[in-house]
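FYI, it's all coordinate maths here, none of it is from the lab. Just so it is clear, the model here is predicted, and its values are computed rather than measured. With ideal geometry, Cβ positions are generated from the backbone for all residues, glycine too; neighbour counts draw on all protein chains shown.
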Amino acid sequence: MSANAGPLDPAAPLEPPVPTNKPVKTTGLHVGEAEPGCAKVDPILIVDNVRRTFGGLTAVDVAHVEVPRGAITALIGPNGAGKTTLFNLLTGFDKPDDGKWTFDGRSLAGVPAYRVARMGQIRTFQLTKALGLLTVMDNMLLGAKGQTGENIFRALMPFLWRNQEEENRAKALDLLTRFKLDTKKDDYAASLSGGQRKLLEMARALMSDPTLVMLDEPMAGVNPALTQSLLDHILNLKSQGMTVLFVEHDMHMVRHIADWVIVMAEGKVVAEGDPHEVMKNPAVIDAYLGQHHDEDIGEDLGTETEHVSAIKELLDDER
Amino acid sequence: MDWGAIFNNAAVELISPTTAAYALAALGLAVHFGYTGLLNFGQAGFMALGAYGYAISILTFGFPVWGAFLVGVGASVLFALILGIPTLRLRADYLAIVTIAAAEIVRLLFTTNTFASVTGSANGLSGYKNEFAALNPLADGTYGFGPFTNNAYDTWLRIVAWSIVIVAALLIWQIMRSPWGRVIKGIREDEDAVRALGKNVYAYKMQSLILGGVLGTIAGMIFALPRAVVPSNYQTTLTFFIYAILLLGGAATVLGPIIGSMLFWVLLSFFSGFVARAVEAGWLPFMSAIQGGQLRFILVGVAIMLIVIFRPQGIFGNKKELAFVR
């Protein structure tokens, strides 16, 4: 959690952190060399031998990976690397062929998705799942944990849950104000723009006070004007003590906010490390570009051979 | 042409126990389909369980009215569990297939000769009304006015039937504006989103299936009290009539099923009275009296199509919230 550079920090920032635009990076997260599967000082999520196959395709085959607590970790990799599949497995939305993983010391293997969420590991989706036919406020209230009125019998007795409902409403309004959605609170979520839905989904996830927030491509389909605000919100999660794990394709964003980067390719973790160092790792460049080595992997992802991209698309469809 | 009789007969349907029974069954379906998004095509099965559960408990086992009521409700809870356990984890359409088949299985079990001593087979059951009539606090005589004039038993039945409908409507209204209802409406739209927020979607869907099914079962009992229990009453068409009522009134509303049922029965009675007399008077020379009797059901089909096309949210529905299912 601390922002001081540890003795093993591979790349301390050269320039002093500028408060507004330059986020404060958390360093000293790992133990030993920054290599795939390296141990972390304080891991929140530990994954062991998780494997998921779709027919003959091995979508995910992760031997060992740890996600550091209190930091922002990016999960990157080319299309079809198995990032979203791994997300689904870790959150109970999909079942692995075998393997085990623990969250905060508790085993999650075989735990259904709703119970994973209740433990404090909340996820969002690549294709935003704002509930369009509920109002923005109802969307938010749905996110609150441990509601008395969600029991079918107690629901009939409003005096049992009215106070709790008011508290949740105040909390939701507070979050909506932070996400600049408070003026929309009585509108149907269907009337929001794509970016606003992403914001709503993130705000809704925060209603349950999660310890680990897993964001699946938070920037996909968001217009550039909203990007900065979304980035700030993600950074805020960290400053409030939450751990963030996110999947992203935008390398500039990854470099900007991530404290740690895990790179997947063809279902395996191929590299890990500080965002600036990891981009120089030959394994990462290979994973993205095959033989066509190119220095700036932030821009040119479209150079896969047809054969490779076809296979990867197939994998994408499978998930 | 006797217009007075046509209107009179139509008005009688406004508060008839049958109208109340259909309203209650449609309210159950509103919980399933309108609020939760469960495609239950077996509401007739739930109603049959109510009617037979009540009649068999009284005739075969000599239960009191409340005991017979509980047997019917218990049977429908069991039925909902049997339907729900294997199918609620699957996609919505599977529930539709399973419920339509299960309702038919229930009906055929009541029809088969094997259990004739208990179920009365195709002839059904009758003679179970005395226990309910014995509870009647009203003195003999006629009550009401105009087309709503009834004897003591029928008045008593109407009071009980509509009281149940009103209580059920208030119950559903309250529960749907509670946090429970919020989760249910979330499930209607996207199960995974609700699951990701830590709600046990499977349990909620099961609760909804049971709640709506129990309403259907009580409706079956009310439906049985003014007539005999005959298995052919509980065919799939019964479910479709209830769907017609639900869509007419508005799927995700509380008032919709009730007003929808009143409108449905008044109009149906009006049309059948009108067509029958029009055939008699020779206005429709291409039609026999029997064909005239069937015409009203064709009109029901046309009405359903028109509603779905031109007013998918029904009379009371909110178009923004619910255009048909999504």
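Quick notes on this structure:
- Look at B:320, A:184 and count the other Cβ atoms within 10 Å of each Cβ; fewest to most, that gives B:320, A:184.
- Tensor-based shape of the range B:1-117 (alpha-carbon gyration tensor, a/c under 1.5 rounded, otherwise prolate or oblate): oblate
- Cβ crowding within 10 Å, taken as a proxy for footprinting-reagent exposure, orders A:200, B:171 from fewest neighbours to most as B:171, A:200.
- Hydrophobic long helices, here whole DSSP H runs in chain B with Kyte-Doolittle means of at least -0.5 and Cα atoms spread over 30 Å or more along the helix axis, are found at B:65-87, B:152-176, B:201-224, B:255-280, B:289-310.
- Relative contact order for the range B:25-109, counting Cα pairs under 8 Å that sit 6 or more residues apart, in percent: 39
- Label zone at residue B:308, where the point sits 7 Å out along the Cα-to-Cβ direction: the range B:236-251 residues whose backbone N lies under 16 Å: B:237-251
- Once C-alpha pairs closer than 8 Å and six or more residues apart are averaged by separation and normalised to the residue number of the range B:1-155, the relative contact order reads 23 percent.
- Label-to-label distance, nm, for residues given as residue B:143 and residue B:298 (7 Å Cα→Cβ offset): 4.2
- The sum of -39500 (n - 2.57) across all DSSP H runs of n ≥ 4, divided by the residue count of chain B, sets its helix-only mean residue ellipticity at 222 nm to -22500 deg cm²/dmol.
- Simple label model, 7 Å out from Cα along Cβ direction - residue B:60 to residue B:3, nm: 5.2
- Residue separation of residue B:117 and residue B:170 scaled by 0.36 nm, minus their Cα-Cα distance, works out to 15.1 nm of gained length.
- Rounded if a/c under 1.5, otherwise prolate or oblate - the protein assembly as shown, Cα gyration tensor axes: prolate
- When you restrict to C-alpha pairs under 8 Å that are six or more residues apart and normalise by the size of chain B, the relative contact order lands at 34 percent.
- Shown for B:223, B:297, B:132: other C-beta atoms within 10 Å of each C-beta, ranked fewest to most, produce the order B:297, B:132, B:223.
- Between residue A:190 and residue A:235, the simple label model (points 7 Å from Cα in the Cβ direction) yields a spacing of 3.7 nm.
- Trypsin sites (Lys or Arg not before Pro) restricted to DSSP loop in the range B:138-226 with at most 14 other C-beta within 10 Å: B:177
- Residue pairs exceeding 30 angstrom between C-alpha atoms, taken from A:83/B:320; A:100/B:185; B:205/B:319; A:180/A:280: A:83/B:320; A:100/B:185; A:180/A:280.
- Rounded FRET efficiency, nearest 0.05, which uses the C-beta distance separating residue B:91 from residue A:102 and R0 of 25 Å: 0.20
- Overall form of the range B:17-234 per C-alpha gyration tensor (a/c, 1.5; a/b vs b/c): oblate
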